Amino acid sequence: MDVRRFSNPIVLSLFLLGAFAGKCLAPETAREPLLRDRGRLAENYLRKRLALWQKRLNLRDWTISLEMSHPGDLRRGSLGNVHWDVDKKTALIRVLDASDYQLPFIATLKDMEFTIVHELTHLELSSMTRNFKSRTEESVSEEERAVNRLADAMLQLDNKDEPARLLDAAAVDVSTGLARAR
């Protein structure tokens, strides 16, 4: 390489700018975890988020279990559900397993967390919906729309540290290609 070519400060500046521009200006993106790691990474992330949302919604006196489920375990077209016993203050939230999503992993985590917040909102409203069997299809649809709006609003208020949190949840050790242990 001819060093004299770079003796002109303008040429040298353009060369350095071109060499480092991609590295400096590119936004950090998460490396997609392997399909076999998605479930474990998602479940670890969701258990932490479930505890946080349970505390925020003042549902600490409830025992809430989380179960990753496949489409056959959920109602058709559903991404999750919740079954509860108000008297025992127990609930089971089922969420579509990460391996069944066709989205990038970060988008999958966001959708799965939305499902958890959505189902916890149903649980918060459970005292108002005790007579579930006597409700009309229209009232159930109205409740679903209201719960979606509430869950969306809560998650929008929570987005302050979202990029870093989601990148950390999807962290993969570049040298081995394996998901980092937490």
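The values are calculated or read from the model by the stated rules, or taken from the named source; none is laboratory data. Quantities reported herein were computed from a predicted structural model and do not represent experimental measurements. With ideal geometry, Cβ positions are generated from the backbone for all residues, glycine too; neighbour counts draw on all protein chains shown.
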>> Restricting to the stretch 79-95, and then to whatever is of a type in the set (Lys, Arg) and over 23 Å from LEU109 (Cβ atoms), can you tell me which residue is surrounded by the fewest Cβ atoms within 10 Å (Cβ to Cβ)?
In response: LYS88
>> I'm checking my understanding of the structure. Among residues of the stretch 124-138 that are more than 18 Å from TRP84 (Cβ to Cβ) and outside any loop (DSSP other than H, G, I, E, B), which one is modelled with the lowest pLDDT?
In response: GLU138
>> Anything in the stretch 52-72 that is exposed (fewer than 15 other Cβ atoms within 10 Å of the Cβ) and either touching a strand residue (DSSP E or B) at 6+ places or on another chain (Cβ under 6 Å) or within 19 Å of THR108 (Cα to Cα) (or both)? List them, or say none.
In response: LEU52, THR63, SER65, GLU67, HIS70, PRO71, GLY72
> How about the stretch 48-81: which of its residues are assigned to a helix (DSSP H, G or I), within 23 Å of LEU125 (Cβ to Cβ) and of a type in the set (Lys, Arg)?
Replying inline: ARG49, LYS55, ARG56
>> Can you pull out every residue in the stretch 89-123 that is touching a residue at least 40 places away in the same chain (Cβ under 8 Å), of a type in the set (A, V, I, L, M, F, W, C) and either closer than 15 Å to LEU52 by Cβ or assigned to a helix (DSSP H, G or I) (or both)?
In response: ILE93, ALA98, PHE105, ILE106, LEU109, MET112, PHE114, ILE116, VAL117, LEU120, LEU123
